1. How many lysine pairs in the range 77-165, separated by 8 or more positions in sequence or lying on different chains, have Cα atoms less than 24 Å apart?
2. Return the carbon/sulfur percentage of the accessible area of the range 77-165, one whole number, probe 1.4 Å, all protein chains in place.
3. So how do 80-89, 135-144 stack up, highest first, on mean other-Cβ count within 10 Å?
4. Using the Cα atoms as the points, what is the convex hull volume per residue of the range 77-165 in Å³?
5. Can you give me the accessible area per residue for the range 77-165, using a 1.4 Å probe, in Å²?
6. With the crude spin-label approximation of a point 7 Å out along Cα→Cβ, what separation in nm comes out for Thr54 versus Val114?
Amino acid sequence: MEVCWDSSAGLYSCTKALLGQLYFDDFQGSWATKWRKSLGSRMSVPLGKQVFFTGVAASGGCALLYYLMQKTFSRASYYQLALEHLHSHPEALEALGTPLNVHYLRLTDKYNFVDIADAKLKIPVSGPKSEGYLYVTSSRDAPFKRWNLQEVFLELKDGQQIPLFKPSGENSNELKKE
């Protein structure tokens with residue numbers, strides 16, 4: 001092992017000798033350059049791949065959001081009540097045929113509307129004989145109160161309408177099955 005200490009040059013010349021005639025500033029610059037190249041080579045992704053992966057992530061996020069919104073609608077009491085009455089209505093079952101298929105709501109349809117006090121849905125339904133839409137209108141007196149169905153009818157593809165129920169004349173909270 002070589003000892004390097006020059007009393008006139010001090011520690012700097014010793015460092016210079018140990019690093020193979022490199023100055024400390026050169027070493028620091030070299031290290032920074034290697035670090036940047038290292039990061040760049042590992043983290044740099046071509047623009048095409050970035051666009052592709054961003055598109056896949058955005059599409060997956062949109063699909064997940066769409067799925068969660070559909071689940072939220074299908075769990076709502078006004079949605080469930082309307083489907084229960086559809087399944088128990090013999091004329092509607094005869095027109096559609098069994099088994100019934102309930103499809104996802106078309107979220108871009110202008111008829112579908114839900115706020116804190118009112119809900120209007122157009123639920124696509126089909127069976128082996130026909131297909132159509134179950135129109136549901138519901139409201140509630142105050143937020144967080146129970147939903148009251150106002151009107152539910154089935155409109156078939158051929159234009160035939162089958163009323164399922166309407167509110168009775170005197171008391172709108174009671175449903176009249178037709």
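1. Working: Lys110/Lys120; Lys110/Lys122; Lys110/Lys157; Lys120/Lys145; Lys120/Lys157; Lys122/Lys145; Lys122/Lys157; Lys129/Lys157.
Lysine pairs, 8 or more places apart or on different chains, close enough: 8.
2. That share works out to 51 percent.
3. On the way: 80-89: 16.7, 135-144: 14.8.
Ranked by mean Cβ neighbours within 10 Å, highest first: 80-89, 135-144.
4. Working: hull volume 7.8 nm³, N = 89.
Per-residue hull volume (Cα only) is 87 Å³.
5. Details: 4870 Å² over 89 residues.
I get 55 Å² per residue for this part.
6. That separation, rounded to one decimal, is 3.3 nm.
The values are calculated or read from the model by the stated rules, or taken from the named source; none is laboratory data. Every value quoted in this text rests on a predicted model; they were computed, and no experiment measured them. Cβ atoms come from the backbone with ideal geometry, glycine included; neighbour counts cover every protein chain shown. Surface areas here come from the heavy atoms of the whole protein model, side chains and all, with no ligands, DNA or RNA. Shrake-Rupley method; radii C 1.70, N 1.55, O 1.52, S 1.80 Å.
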